[in-house]
Amino acid sequence: MDSSDNIAAVATPCGEGGIGIIRISGKCALETGLKVFSFSSQPPCKGTELREKYFYYGHVVDPGAGSPIDDGFFVYMKGPSSYTGEDVVELHIHGGALVLRRALGAVLTGGARMAEPGEFTRRAFLSGRLDLAQAEAVIDVIRAGTDAALSSARGRLEGALSKRVDEIKRTVTALVA
């Protein structure tokens, strides 16, 4: 894994749905996203002053042909306040398998590589956005099959286990001192 390059993946479950999200993360995520998105009204300064966490409407386009793939929204999240701690762009488009496959192909052509499973969360951990217990809790939230499992996983994701371990660590350190 190279944590200095751009990664991309479909961030929504496989299958058909009303919305599909493609996430791009890395130092040049914004540049990559701008290569594949045509805004219906051009944002100021060609992306240098994009509002964070704001939905811009337009079209995902094939960077080689310039032809539209689908219409949807472009959302920019500047690092270090994003999930991964890096710049992140999300493309919110229709959730059909062909549309998502073509849009992801455009993003990969535009300068990203396919993310490995769990790589967005790994980057969040490496950047200090999540500790190890929180990073491990992400998959438990996703896979939770009962209310109790979800509640437990959410608690760990919100830092409950980490806070308890820190309390114990401080107590032991004080006793040893």
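Before moving on, here are some points about what is shown:
- Some residue of region 59-70 being polar (S, T, N, Q), part of a loop (DSSP other than H, G, I, E, B) and open to solvent by 70 Å² or more (accessible area, probe 1.4 Å): no
- Out of E52, E31, E119, one residue alone is under 28 Å from S152 (Cα atoms), touching a residue at least 12 places away in the same chain (Cβ under 8 Å) and of a type in the set (D, E). It is E119.
- Cross-chain or 6+ apart pairs with Cβ under 8 Å, region 3-19 first and free of Cβ contacts under 8 Å to residues at least 24 places away in the same chain, then open to solvent by 40 Å² or more (accessible area, probe 1.4 Å): S4/K27
- Residue within region 114-121 that is open to solvent by 30 Å² or more (accessible area, probe 1.4 Å), touching a strand residue (DSSP E or B) at 6+ places or on another chain (Cβ under 9 Å), closer than 24 Å to V138 by Cβ and acidic (D, E) present: yes
- One residue from G72, G15 being at pLDDT 95 or above and not acidic (D, E): G72
Yes/no matrix, rows are residues, columns are (1) surrounded by fewer than 17 Cβ atoms within 10 Å (Cβ to Cβ); (2) of a type in the set (A, V, I, L, M); (3) at pLDDT below 95:
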site: V36; (1), (2), (3): no, yes, no
site: S41; (1), (2), (3): yes, no, yes
site: T48; (1), (2), (3): yes, no, yes
site: G96; (1), (2), (3): yes, no, yes
site: G111; (1), (2), (3): no, no, yes
site: A135; (1), (2), (3): no, yes, yes
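- Residues within region 13-27 that are open to solvent by less than 100 Å² (accessible area, probe 1.4 Å), touching a strand residue (DSSP E or B) at 6+ places or on another chain (Cβ under 9 Å) and part of a loop (DSSP other than H, G, I, E, B), tallied: 1
- When restricted to residues that are assigned to a loop (DSSP other than H, G, I, E, B) and hydrophobic (A, V, I, L, M, F, W, C), region 103-147 contains 4.
- Scanning region 143-160 for residues that are open to solvent by 80 Å² or more (accessible area, probe 1.4 Å) and within 24 Å of P80 (Cα to Cα) yields R154, E158.
The values are calculated or read from the model by the stated rules, or taken from the named source; none is laboratory data. Model, not experiment: these values are computed from the prediction. Don't worry about glycine lacking a Cβ; one is built from the backbone with ideal geometry, like all the others, and counts go over all protein chains shown. Just the protein is used for accessible areas: all its heavy atoms, side chains included, with ligands, DNA and RNA removed. Shrake-Rupley method; radii C 1.70, N 1.55, O 1.52, S 1.80 Å.
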